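Shown next, in structure tokens, is the structure this report addresses.
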Amino acid sequence: MTNNPFPSHKALVPFVSVDHMMQLIHHIGIEPMLIGLAAAIEQDFKRWELFDKTPRVASHSAEGVIELMPTSDGEVYGFKYVNGHPKNMKEGLQTVTAFGLLADVGNGYPVLLSEMTILTALRTAATSALVAKYLAPKGADTMAMIGNGAQSEFQSLAMKAVCGLKTVRLYDIDRAATRKAAKNLAGTGLTVVECTCAEEAMEGAQIITTCTADKQCATILTDNMVGPGVHINAIGGDCPGKTELAADILHRSDIFVEFPPQTRIEGEIQQLAPDHAVTELWQVMSGTAKGRTSDAQITLFDSVGFAIEDFSALRYVRDQIKDTQFYHDLDLLADPDDPRDLFGMVKRATPQ
Ligand code: NAD
């Protein structure tokens, strides 16, 4: 990977490839990694006010969206590049792919570059489980998992690792997706039930996760399907014009969000008035707002994915790869002997 003619002068940037990320997961273990990521995200939500926050920068097209998600805690800067293309799956491509970067705010130099397609699935699942830890009814051990695509096994395992989930009830309009998820979850310790409709998946479930991909406002859950006391973890509605829940459900729920200015554009609450009351999750985690207050309450995590979760995930990875072989050194930064002599550095390079 590194082809460096001036090794003694180079500042190299650690790069975690897809292959290395997979090896890191096996090295740490997927459930300990999900627990570690949830802890890192919780730490950062508890110091929320320190961060630069902005709704992500989105470039929409007829087929999907490409987004940049930046943030900084004043010492470290991070961003993620991520796409969302629901039609990709039919072409044998991922709906969501991503990579991300951390940099030193002091000098602006990158300190980590990483794949984030797998890391996004892990951090989204860790965030869901962290939020469920605060909001799901006590003793919740059964989850309906509606949408059994790329995110689904990560979501199920995070709920097991962080919240003690015992049973997952799977449903997807595509039976092949449900069979794939059931096969992948076999042997994980979860009881897996394959269901033939969303209503069946929701029987006895205290947590309902919707994680479908459609480039339109879909109605995955209708009002009559949702009984009192459940926690809804709504993952798939994360773009303007892309929602999963009937608006009536939102009116019966207490709604919890990551960053309201972004969620009002992208989340389920785009269906509501712009001043509809929502609670910010960082306030629940830092004890300044209430989470679940009654057994009958419906709590809804209107998840869209926020830059701070990616920042947390990247800093977790940065810490975990130290003293391992799970990264390459990338020759990403020019480093002339005299910082002003960039041209001289080019002249000195040996033509290949
Ligand atoms: P995917 O394409 O791999 O899987 C989506 C699944 O949903 C497919 O199996 C499809 O058959 C199923 N589906 C579509 N319509 C359905 C319906 N009406 N009922 C049941 N199943 C249905 O996508 P993925 O990578 O698993 O992502 C799922 C969704 O989560 C996407 O919309 C993505 O944008 C979103 N996402 C959100 C976050 C976040 O932080 N909130 C992070 C990552 C992905």
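The values are calculated or read from the model by the stated rules, or taken from the named source; none is laboratory data. In this text, all values refer to a predicted model and were calculated from it rather than measured experimentally. With ideal geometry, Cβ positions are generated from the backbone for all residues, glycine too; neighbour counts draw on all protein chains shown. Ligands, DNA and RNA are excluded from the accessible area calculation, which covers all protein heavy atoms including side chains. Shrake-Rupley method; radii C 1.70, N 1.55, O 1.52, S 1.80 Å.
Can you give me the number of residues within the stretch 82-105 that are farther than 17 Å from VAL317 by Cα, within 16 Å of the ligand (Cβ to nearest atom) and either within 14 Å of the chain's Cα centre (by Cα) or among the aliphatic types (A, V, I, L, M) (or both)?
Count: 8.
Looking only at the stretch 186-212, count every residue that is within 14 Å of the ligand (Cβ to nearest atom) and open to solvent by less than 40 Å² (accessible area, probe 1.4 Å) and tell me the total.
Going through the stretch 186-212, the residues within 14 Å of the ligand (Cβ to nearest atom) turn out to be 194-202, 208-212.
Then drop every residue that is not open to solvent by less than 40 Å² (accessible area, probe 1.4 Å), which leaves 195, 198, 201-202, 208-212.
Number satisfying all stated conditions: 9.
Of all the residues that make up the stretch 299-352, how many are of a type in the set (Val, Ile, Thr), over 26 Å from ALA121 (Cβ atoms) and not in a helix (DSSP H, G or I)?
Taking the stretch 299-352 first, the residues of a type in the set (Val, Ile, Thr) are 299, 304, 308, 317, 321, 324, 346, 350.
In the following step, the residues that additionally are over 26 Å from ALA121 (Cβ atoms) were identified as 346, 350.
From what's left, not in a helix (DSSP H, G or I): 350.
Qualifying residue count, the stretch 299-352: 1.
Got a sec? Which of LEU221, LEU245 is more than 9 Å from the ligand (Cβ to nearest atom), at pLDDT below 95 and within 25 Å of LYS290 (Cβ to Cβ)? Step through it out loud before you land on a result.
Details: LEU245 fails: at pLDDT below 95.
The conditions single out LEU221.
Give the stretch 59-83 a look and list any residue that's of a type in the set (A, V, I, L, M) and surrounded by fewer than 18 Cβ atoms within 10 Å (Cβ to Cβ), or say none.
So in the stretch 59-83, the residues of a type in the set (A, V, I, L, M) come out as 62, 65-66, 68-69, 76, 82.
Residues satisfying the conditions are ALA62, ILE66, LEU68.
Just checking, does the stretch 272-279 include any residue being more than 15 Å from the ligand (Cβ to nearest atom), open to solvent by 60 Å² or more (accessible area, probe 1.4 Å) and polar (S, T, N, Q)? Please lay out each step first, then the result.
If we filter the stretch 272-279 for residues that are more than 15 Å from the ligand (Cβ to nearest atom), which is where we start, we get 272-279.
Still in the list and also open to solvent by 60 Å² or more (accessible area, probe 1.4 Å): 274-275, 277.
From the residues that got through so far, the ones that are polar (S, T, N, Q) too are none.
No: the stretch 272-279 contains no residue that is more than 15 Å from the ligand (Cβ to nearest atom), open to solvent by 60 Å² or more (accessible area, probe 1.4 Å) and polar (S, T, N, Q).
Give the number of residues within the stretch 140-176 that are within 9 Å of the ligand (Cβ to nearest atom) and either open to solvent by less than 20 Å² (accessible area, probe 1.4 Å) or in contact with a Phe, Trp or Tyr (Cβ under 8 Å, 6 or more places away or on another chain) (or both).
Result for the stretch 140-176: 5.
One residue is enough: does the stretch 318-335 have a residue meeting the conditions under 30 Å from ILE35 (Cβ atoms), touching a residue at least 40 places away in the same chain (Cβ under 8 Å), under 19 Å from the mean Cα position of the chain (by Cα) and open to solvent by less than 10 Å² (accessible area, probe 1.4 Å)?
Of the stretch 318-335, the ones under 30 Å from ILE35 (Cβ atoms) are 318-330.
Cutting the leftovers down to touching a residue at least 40 places away in the same chain (Cβ under 8 Å) gives us 318, 320-321, 324, 326-330.
The next check asks that each one be under 19 Å from the mean Cα position of the chain (by Cα); those that pass are 318, 320.
So of that shortlist, the ones also open to solvent by less than 10 Å² (accessible area, probe 1.4 Å) come out as none.
Within the stretch 318-335, none of the residues are under 30 Å from ILE35 (Cβ atoms), touching a residue at least 40 places away in the same chain (Cβ under 8 Å), under 19 Å from the mean Cα position of the chain (by Cα) and open to solvent by less than 10 Å² (accessible area, probe 1.4 Å).
Return only the number of the condition from (1) at pLDDT 95 or above; (2) over 25 Å from THR263 (Cβ atoms) that LYS90 does not satisfy.
(1)
Could you please find all residues in the stretch 87-131 being in contact with a strand residue (DSSP E or B) (Cβ under 8 Å, 6 or more places away or on another chain) and assigned to a helix (DSSP H, G or I)?
THR117, LEU119, THR120, SER128, VAL131
Return only the number of the condition from (1) under 28 Å from PRO32 (Cβ atoms); (2) away from the ligand (no atom under 11 Å from the Cβ) that ARG252 does not satisfy.
It is condition (1) that ARG252 fails.
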